[in-house]
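This report concerns only the one structure given below.
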Amino acid sequence: MNGRELAEHAGITYRQADYWSRAGWLRPLNPGCGNGHQRDYSPTEAVVAARMGRLVRAGLEPAVAAAVVRGDARAIATLESALESALRWSA
């Protein structure tokens, strides 16, 4: 699927998909340089984009969202710690 299809499927904007790809948080099948380069994505990457989109809408920075979605243990531990602190603070 191309960038516009990915964006529609994942519930993000095309600009987000483009920026996240250029930043390395999304991994197109045919990475290219610069804006406007036609990129194609696997179905797995569409799932990554959708999960990132949900986390970004919940308030995470895109870099953190990407790390969490990709299973980075340090990012997940940081997120868990922040959530625990927030839950304690609200109680």
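This table checks each residue for (1) under 10 Å from the mean Cα position of the chain (by Cα); (2) more than 13 Å from ALA7 (Cα to Cα).
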site	(1), (2)
ASN30	no, yes
SER42	no, no
VAL47	yes, no
MET52	yes, no
PRO62	yes, yes
VAL68	yes, yes
ASP72	no, yes
SER81	no, yes
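Taking ALA46 as the residue in question, decide whether it is part of a helix (DSSP H, G or I) and at pLDDT 95 or above. Spelling it out, ALA46 is indeed part of a helix (DSSP H, G or I) and at pLDDT 95 or above.
Only residues in region 2-23 that are without any contact (Cβ under 8 Å) to a residue 60 or more places away in the chain count as the first member; pair them with residues that are hydroxyl-bearing (Ser, Thr, Tyr), Cβ under 7 angstrom, at least 6 apart or cross-chain, and list the lot. Between residues of region 2-23 that are without any contact (Cβ under 8 Å) to a residue 60 or more places away in the chain and residues that are hydroxyl-bearing (Ser, Thr, Tyr), the close pairs are GLY3/TYR14; ARG4/TYR14; LEU6/TYR41; ALA7/THR13; ALA7/TYR14. Residue-level check: of (1) touching a Lys or Arg at 6+ places or on another chain (Cβ under 8 Å); (2) at pLDDT below 95; (3) surrounded by 14 or more Cβ atoms within 10 Å (Cβ to Cβ), MET1 misses just (1). Here region 8-43 is the region considered, the condition is being in a helix (DSSP H, G or I) and in contact with a Leu (Cβ under 7 Å, 6 or more places away or on another chain), and the residue that is surrounded by the most Cβ atoms within 10 Å (Cβ to Cβ) is ALA17.
For region 50-70, the tally of residues that are in a helix (DSSP H, G or I) and not hydrophobic (A, V, I, L, M, F, W, C) stands at 5.
Annotation note: Cβ proximity below 8 Å between a residue of region 64-77 that is without any contact (Cβ under 8 Å) to a residue 12 or more places away in the chain and under 14 Å from TRP20 (Cα atoms) and a residue that is assigned to a helix (DSSP H, G or I) and of a type outside the set (Val, Ile, Thr) (sequence gap 6+ or interchain) occurs for ALA67/ARG74; ALA67/ALA75.
The values are calculated or read from the model by the stated rules, or taken from the named source; none is laboratory data. As the structure is a computational prediction, the values presented were derived from the model and not from experiment. With ideal geometry, Cβ positions are generated from the backbone for all residues, glycine too; neighbour counts draw on all protein chains shown.
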